[in-house]
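Shown next, in structure tokens, is the structure this report addresses.
The values are calculated or read from the model by the stated rules, or taken from the named source; none is laboratory data. Note that this is a predicted model, so its numbers are computed, not measured. Methodologically, a virtual Cβ is constructed for each residue, glycine included, from the backbone with ideal geometry; neighbour enumeration extends over all protein chains shown. These area figures cover heavy atoms from the full protein model, side chains too; ligands, DNA and RNA do not enter into them. Shrake-Rupley method; radii C 1.70, N 1.55, O 1.52, S 1.80 Å.
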Amino acid sequence: MKVRKAVIPAAGLGTRFLPATKATAKEMLPIIDKPTIQYIVEEAIASGIEDILIVTGKGKRSIEDHFDTAPELEQNLLSKNKLEMLASVQESSNIKIHFIRQKQPLGLGDAILQAKAFVGNEPFVVLLGDDIVESEVPCVKQLINQYEHTQNSIIGVQTVPKEHTNRYGIINPQEEVTSHLFKVRGFVEKPKIEEAPSQLAILGRYLLTPAIFELLETQESGSGDEIQLTDAIDRLNKIEDVLAYDFAGKRYDVGDKFGFVDTTIRFALKHPEIKVQVQALINELAD
Ligand code: UTP
């Protein structure tokens, strides 16, 4: 079955960015001139996704506004003949996006459960806004390519430093079935560093069969007292094989302060309008 639908959970509290996220959605924080969530939406579209659901919560209205038309702003840019800016503003409203609210931030697993009716009985992908991936083949497309061969749920992973394993869902790989594709013994959310079964971490990209919803409905709270998607995936793996794919590409962690600054600097050094100035600034600071 073709993978057509994507779910982007964006209902988290963003506590790592307080006070910035008190009244602003974390997903709207820009990397240079584009909100992080737009990079994520663009990856989904570049992967052939046709329908996107964003799960929002309190204080997230700006996400809906961003993907809506902005008639006054558009008219203003048109009257000033700022056509390039007009195109960039219209770009984000030309996409077919649906929204649903998660009433309380009970965890990522609960956020995905809100997508049950939207997804129906189809395989779908999940993209988290904390990770931006730059790759020749979009990350989600890489997962879809694997799914087309196997028809299994496929979880995107990459190797992280041992000392960071307690921040992620970590897989316990069983065997590499084909290049970069692993059969998995188990999935564990945020293990203690000394107990991490590997350094292969789930990095915000999932392709799931709809069987996950039944498990999410009965999923109890786990790490951080939240309903964890990783725990439901671990249970799914006991019913039908869930594979892990070590995807190609550079992944930027924009979910914490340092990762956000790191990503901003790297993107600034590639941005046609400012890269020369930013390089000069870095040289000056290094002297
Ligand atoms: P995170 O834990 O990285 O996001 O959740 P957060 O909770 O917003 O950030 P911190 O840790 O408080 O700083 C991973 C993803 O799951 C979503 C978040 O929006 C993020 O995309 N999420 C998390 C929800 O949609 N609902 C939740 O209840 C929890």
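Points to keep in mind about this one:
- With at most 14 neighbouring Cβ atoms within 10 Å, loop GluC sites (Glu not before Pro) (DSSP) excluded, longest segment of the chain: 51-135
- Å² per residue, accessible surface of the range 167-215 at 1.4 Å: 44 Å²
- Summarising the amide proton neighbourhood of Q174: residues at separation of 5 or more, or on other chains, whose placed amide H is nearer than 5 Å comprise K183, V184, R185.
- For the range 1-112, the Kirkwood estimate of hydrodynamic radius, built from reciprocal distances between every pair of different alpha carbons, is 15.2 Å.
- Those residues of the range 23-45 whose amide nitrogen sits under 20 Å from the label point placed on A286, 7 Å along Cα→Cβ: none
- On Cα atoms only, tilt of 36-46 relative to the major axis of the chain in degrees: 70 degrees
- Cβ-based net charge around I193, under 11 Å, with every Lys or Arg adding one and every Asp or Glu removing one: +1
- As computed over the range 163-249, the Cα convex hull volume per residue (Å³): 100 Å³
- Residue-span extension gain [T15 to I265] - 0.36 nm each, minus C-alpha spacing: 87.8 nm
- The range 222-287 - accessible surface per residue (Å², probe 1.4 Å): 57 Å²
- If you take the alpha carbon atoms of the range 79-171 and fit the smallest convex hull around them, that volume is 203 Å³ per residue.
- For the range 49-89, the direction-averaged projected area of the alpha-carbon convex hull comes to 3.9 nm².
- 5 angstrom amide H check on F99, placed H, neighbours 5+ away: I54
- Computing Rg and the Kirkwood Rh from the Cα coordinates of the range 30-72 gives a ratio, Rg/Rh, of 0.98.
- A helix-only calculation puts the chain at -9500 deg cm²/dmol for mean residue ellipticity at 222 nm, using -39500 (n - 2.57) for each DSSP H run of at least four residues, averaged over all residues.
- Taking only the C-alpha atoms of the chain, Rg followed by Dmax gives 19.4, 62 Å.
- Here the 3J(HN,Hα) profile of the range 201-208, calculated from phi with Karplus coefficients 6.51, -1.76 and 1.60 at θ = phi - 60°, is 10, 6, 10, x, 9, 9, 10, 10 Hz, Gly and Pro shown as x.
- Between the listed residues M28, I45, T56, the Cα displaced farthest toward the positive end of the dipole of the range 1-99, a dipole computed from Cβ unit charges relative to the Cα centre, is found at T56.
- Among the listed pairs K58/K250; K2/K190; K190/K257, those beyond 24 Å (Cα-Cα): K58/K250; K2/K190
- The 3J(HN,Hα) values that the Karplus relation (6.51, -1.76, 1.60; θ = phi - 60°) gives for the range 107-122 are, in residue order, x, 4, x, 5, 4, 5, 4, 5, 8, 4, 5, 4, 6, x, 9, 10 Hz. Gly and Pro appear as x.
- The range 245-261 - phi-based ³J(HN,Hα) in whole Hz, Karplus 6.51/-1.76/1.60, Gly and Pro as x: 10, 7, 6, 8, x, 8, 9, 10, 8, 9, x, 10, 4, 5, x, 5, 5
- When a 1.4 Å probe is rolled over the protein heavy atoms, the share of accessible surface on the chain that falls to carbon and sulfur comes to 52 percent.
- Spatial extent of the range 203-285: Rg and Dmax, with the Cα atoms as the point set, Å: 19.8, 58
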